[in-house]
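Structure record follows, encoded as C-alpha cells.
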Amino acid sequence: MESLVARIVDWAHRRRPIVLAIVIASVALSAEGARRLSFDADVLSLLPRDNRVINAFRTFLSRFGSLDQLYVVFTAPEGRSVSDYADEVRAWTAALRDAPEIARVDAGVVDRARDFGWLADHELLLLRGRPLEEALRRLSAGGMPAAVAARRDLLTVPSEDVAQLVRQDPAGLFDLLRDALAGAQSAVTIGVSADGYLTKDGRSRLLIARPKRPPYDAAFSRALGARLQQIAASTRAATAAAARENHDEEPLPPLDVDFAGGHRIAVETEAVVKRESIGNTVGSLALILPLLLIVFRSLWLVTVGSLPSLLSLVVVAGALGFAGAKLSAAATGAAAMMFGLGVDGVVLLYVAHRLAVAEDANVPIARAVGGPSSSMLLGMWTTAATFYGLVFVDFPSLQQLGRLLGHSMAACGVLTLIMVPALLPRRAPRRAVVLLMPRFAETIVRRRRLLLACSLIATLALGVAATRIRINPTLDRLRSTTPAAQLETKIGPTFGLPSDVAVVLAEGGDLDALLQTNERLADRLASEIPGLAFQPPSRVLPSTASQAGTAGAVERAHLSVDAVRASLERARVAGDFTPGAFDPFAARLPRLLDVRARLTYDGYVEHGLGDIIGRFVARDGPRWTLATYVFPNAADQLARVQSIVEGVDPSQTLTGLTLVNRELARSFVPQFLKGLAIGTIIVVALVVAAFRDVRLSAYALLPTAIGLIWAAGALAIARVELDLFAVFAVVTFVGIGVDYGVHLVHRYQERGDATRATAELAPVILVAAAITMLGYGTLVTSSYPPLQSMGVVSVVSTIALAAASVFTLPALLVGKREKGVRPLFP
C-alpha cells in the first residue's frame with residue numbers, strides 16, 4: 001500500500017499540469033451539478049421510514065394536510081377589534097379565492113361557494129341516538145313551539161347572518177348538528193359562525209387556505225409568497241383609498257397581517273440554510289486560515305490548506321445535484337464540518353515534508369511524504385467510514401449527512417494525495433518553520449505514570465457521569481425556528497385549535513366497509529371511555545346502513561310535510577314572528593323529511609363542501625383513507641384508545657405527535673448502536689489492515705474510546721440536553737478521534753521512538769484539533785437547533801479526543817521505545 005501511495009505522490013509531483021487540469025475540469029463540471037441541488041425543509045424528512053406509527057403520521061399529514069395549509073392572521077391594534085376591519089378581511093378573502101395558487105379558503109363563515117343548504121337538507125341523517133330523538137321531537141306538534149320561541153333570543157344580535165340563520169332553521173336543528181359534529185373539542189369547525197375564527201379578545205382573526213401545491217415545491221412556495229405580498233400591497237392601497245373618500249371618518253390604524261404554514265417555513269428555511277451554509281463555510285475559513293498562518297507562518301499552507309476540502313465538497317455536491325438529490329437543512333448546513341476534517345490532512349503532509357527537508361534538503365518527494373500520505377489517506381477514510389455508518393440508520397436526513405460527508409472525506413483523501421505533491425514547491429524555502437514540541441514530549445516521558453493514573457481516574461469518574469447524560473429524541477427538538485414556524489406554534493392555542501391530537505388512520509378500497517368499522521370504533525370509544533372527546537368520519541358521513549336506520553326512525557315518527565308546516569305556522573304566530581319569516585325552512589321540509597335521500601362523499605364535493613369531508617376522508621384513486629381525531633386528556637386514555645383500536649381492527653393505526661415522539665425515543669438507542677457499531681467495525685477493519693499489528697491497532701483506537709467517554713461525562717455534568725443529531729454526531733467522531741491515534745502510531749512505527757514521534761506529531765494533532773473545532777464550532781451559532789447542538793457536542797468531543805491523543809497515548813507509547821534509533825533530541 002505504501003509503495004503504491006509513494007508512486008502516486010511521485011507521479012503527481014512530476015505531472016503537475018496534468019493533475020491541475022484534471023482537478024479544474026472535475027470542479028467545473030461539478031459546479032454545474034451543485035447548482036441543481038434542492039433543499040428539503042420538511043421536518044418529516046428527519047424521521048425514520050421503517051416505523052408504522054411514524055409512517056401513519058406522515059400519511060395523515062400528506063393526505064389531510066396540516067403542513068400544506070396557509071394561515072393568514074389578522075391582528076387589530078391595541079384597543080381595536082378586528083371586526084372594525086371587516087371590509088379589509090373580506091377583500092383578503094376574495095383575493096385569496098381568486099389567486100391561482102390557492103385551491104380553497106376557509107374563512108369560518110358561510111360563503112356562497114359552499115352549499116350548506118344541501119347539508120342542511122340532509123342534517124337528520126347525521127344525527128343518531130338522543131340528538132336524533134330531540135330533532136324529531138322539535139319537529140313534532142308538541143315540540144315546535146318551544147323550539148321556535150328559543151330562537152327569538154338569537155335575534156337580539158343585530159346581524160343579517162343570524163337573522164338568515166333563524167329563517168332557515170327555526171327549530172334549532174343546526175345546534176344539534178353542530179354539537180354532534182364538534183363534540184367537546186373541535187378538530188374542525190363547519191365554518192358557519194357569524195364572525196369566523198376569532199380569538200377570545202376579538203383582536204385577531206384567522207383565514208385558513210389550502211394551496212394547490214405542497215411546500216416542498218420550492219418554486220411554487222416562492223411564487224405563493226410573492227402573491228401574498230401582492231395581495232397585501234393591493235389591499236392596503238384599496239383601504240387607504242377608501243379612507244380618503246370618507247373624509248368625515250377618522251382613518252383606522254393599519255391592520256397587522258401575518259402568514260404561517262409549511263410554504264412560508266419552506267422558503268424561510270431554504271434561505272436560512274443557504275445563508276448559514278455560506279456563513280459557516282466562510283466563518284470556518286476565516287478562523288482556520290489565520291490559525292495556519294500564525295502557527296506555521298506559511299502562505300503556501302494558507303493558500304492550499306483548504307483547497308482539497310472545498311473541492312471535494314463541490315465534486316460530491318455536483319454529483320448529488322446531477323443525481324437529482326434533495327438535501328435536508330441539517331445535512332446541508334453541516335457542510336462546514338468538511339473544513340475542520342480535511343485541512344488537517346494537508347497540515348500533516350506539510351509538516352512531514354518540512355521535517356524531511358530539514359534533515360535532507362535533497363530528499364525525494366516520495367520519501368518525504370510517502371509514508372505520511374498513507375497515514376493521511378487512512379485517517380481520511382476512517383473518518384469517511386464513520387459517516388458511512390450513518391447510511392445504515394433509519395433516519396433519512398442522517399443518511400444524507402453520512403453520504404454527503406462520507407463521499408466528501410473519501411474524495412478529500414484522494415485530492416489531498418495528488419494535489420499537495422503537485423502544489424509543493426520544487427525548491428525548499430530558505431526559512432522553513434518546523435513546529436516541534438521536544439519539551440512536551442520529554443515531560444510526557446517524565447510524568448508517564450502520573451498521566452496514566454490521571455487518565456484512568458478521569459475515565460472512571462466521567463464514565464460514571466456519562467450515565468446521566470440527558471437525551472431528548474423528540475420531534476420538537478428538530479423543528480425549524482424561523483419566524484413562520486414560531487408563529488404557527490402560536491396559532492393553535494390562540495384560536496382554540498387542537499394542538500396535541502391523536503389520529504386513528506384507516507385505509508382500504510371499500511369506503512362503506514371502512515365507515516361501518518369506524519362506527520363500531522366510535523361506539524366502543526363512547527361506551528368504554530365516557531369522558532373521551534373524539535371526532536370520527538362516520539359523524540360527517542355515516543355508513544349506508546346507519547343512514548338507512550336513521551331514515552327508518554324518521555319514517556316511524558310519522559312527520560308529514562303538511563303537519564310540520566302547520567306546527568311551524570302556529571309556533572310563528574305564538575312567537576310573534578312576521579308572516580313568511582320561516583318560509584325558507586318550510587320550503588325545504590320535503591327534502592329534510594325525504595327518507596330516500598342519502599349523504600355521499602361525492603355529494604359533499606359537488607356542493608362545495610369538500611373541505612369538510614376532506615378533513616375526515618381522503619381518496620387516492622381506488623384507495624380511501626379515514627382519519628378519526630381523538631383528544632385524550634391523560635396517558636392512560638391514550639393507552640386505552642390503542643387497545644380499542646387493536647380490538648376493532650388491528651390494521652388501523654393510532655398515531656400523532658405524542659406517539660411519534662414515543663417511537664423516536666424507543667427507536668433511538670437501537671439505531672444509535674447500529675450506526676456506531678457499523679462505523680466502528682469499518683474503522684477497526686481499516687486500521688488493523690493498515691498496521692497489520694493488533695497491539696498497534698489497539699493503541700491507535702484507544703484514545704477515541706477514552707476521549708468519547710470524557711466528552712459524554714463533561715456534557716452530562718454541564719447538563720447539556722442532546723437531540724438526535726447531536727448524539728449521532730458522536731458516531732462521526734469515532735473516525736475523527738482515530739485519525740489522531742493513527743497518525744501518532746504510524747509515526748511511531750516509522751521512527752521507532754515514541755518520544756520523537758510525540759514531539760513531531762503532538763503539534764500537528766493539536767493544530768488539527770483546533771481546525772476541526774473551528775470547522776464544527778461555527779455550527780454553534782446556527783439558528784437551526786440540530787446543527788447548533790451538533791456544534792456543541794463537536795467542540796467538547798474534539799477537545800477530549802485531542803487531550804487523550806496527546807497525553808494518554810504518548811504516555812503508553814514511551815514505554816515501548818525501540819533501541820538503535822537515533823534520538824531527535826540528544
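The values are calculated or read from the model by the stated rules, or taken from the named source; none is laboratory data. What you are looking at is a predicted structure, and each value in this text was computed from that prediction instead of being measured. Virtual Cβ from ideal backbone geometry, glycine too; neighbours counted across all protein chains shown. In case anyone asks, the SASA skips ligands and DNA or RNA and just uses the protein heavy atoms, side chains included. Shrake-Rupley method; radii C 1.70, N 1.55, O 1.52, S 1.80 Å.
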Quiz item: In terms of the ratio Rg/(2.2 N^0.38 Å) built on C-alpha atoms, what value belongs to the chain?
Solution: 1.25
Quiz item: By accessible area of protein heavy atoms, probe 1.4 Å, what ranking do Asp611, Asp649, Asp153 get, highest first?
Solution: Asp153, Asp649, Asp611
Quiz item: Can you give the extra length, in nm with one decimal, that the chain gains between Leu252 and Ala545 once fully stretched, where that is 0.36 nm per residue apart less the Cα-Cα distance?
Solution: 99.9 nm
Self-check item: Cα-based helix-to-principal-axis angle, 561-574 vs the chain, degrees rounded to 10
Solution: 80
Quiz item: Where nothing but the Cβ of Lys and Arg (+1) and of Asp and Glu (-1) is charged, how large is the charge dipole of the chain around its Cα centre, in debye to the nearest 20?
Solution: 4300
Self-check item: Most to least accessible of Glu606, Glu528, Glu133 (protein chains only, probe 1.4 Å)
Solution: Glu606, Glu133, Glu528
Self-check item: Over the chain: helical MRE at 222 nm, DSSP H runs n ≥ 4 each giving -39500 (n - 2.57), nearest 500
Solution: -21000 deg cm²/dmol
Exercise. Distance from a point 7 Å along Cα→Cβ of Ala685 to each backbone N in segment 373-397: keep the residues under 16 Å and list them by number.
Key: 381-393
Self-check item: Rounded to 10°, Cα long-axis angle of helix 218-245 versus longest principal axis of the chain
Solution: 50
Quiz item: Using alpha carbons only, how many degrees (0 to 90, rounded to 10) separate the axis of helix 657-691 from the longest principal axis of the chain?
Solution: 20
Self-check item: Using a Förster distance of 30 Å, the FRET efficiency for Leu291-Thr443 (Cβ separation, nearest 0.05)
Solution: 0.80
Practice problem: Set the Förster distance to 51 Å, then compute FRET efficiency between Ser83 and Ser527 from the Cβ-Cβ distance, nearest 0.05. | Solution: 0.75
Exercise. Could you work out how far apart the two model spin labels at Arg178 and Val669 are, taking each label as a point 7 Å from the Cα in the direction of the beta carbon, and quote it in nm?
Key: 5.1
Quiz prompt | Rounded accessible area of Tyr629 (nearest 10 Å², 1.4 Å probe) | solution = 20
Exercise. Could you provide, to the nearest whole Å², the per residue accessible area of the chain with probe 1.4 Å?
Key: 43
Exercise. Just the number, please: carbon plus sulfur as a percent of the accessible area of the chain, 1.4 Å probe, no ligands or DNA/RNA counted.
Key: 58
Exercise. Using Cα centres only, tell me the gap between segment 346-382 and segment 605-658 in whole Å.
Key: 64
Quiz item: Cα centroids of segment 742-796 and segment 252-301: how far apart, whole angstrom?
Solution: 24
Self-check item: Extended-chain gain in nm, criterion 0.36 nm per residue less alpha-carbon gap, Gln486 and Thr199
Solution: 101.5 nm
Practice problem: Could you grab the relative contact order for the chain? Cα pairs under 8 Å, six or more apart, rounded to a whole percent. | Solution: 23
Practice problem: Sticking with the crude label model, points 7 Å out along Cα→Cβ, report the distance from Arg222 to Ala361 in nm, one decimal please. | Solution: 5.8
Self-check item: Computed E for His558/Ala237 - FRET, C-beta separation, R0 56 angstrom, nearest 0.05
Solution: 0.35
Quiz item: Just by accessible area at a 1.4 angstrom probe, what is the order of Ile612, Ile471, Ile681 from largest to smallest?
Solution: Ile681, Ile471, Ile612
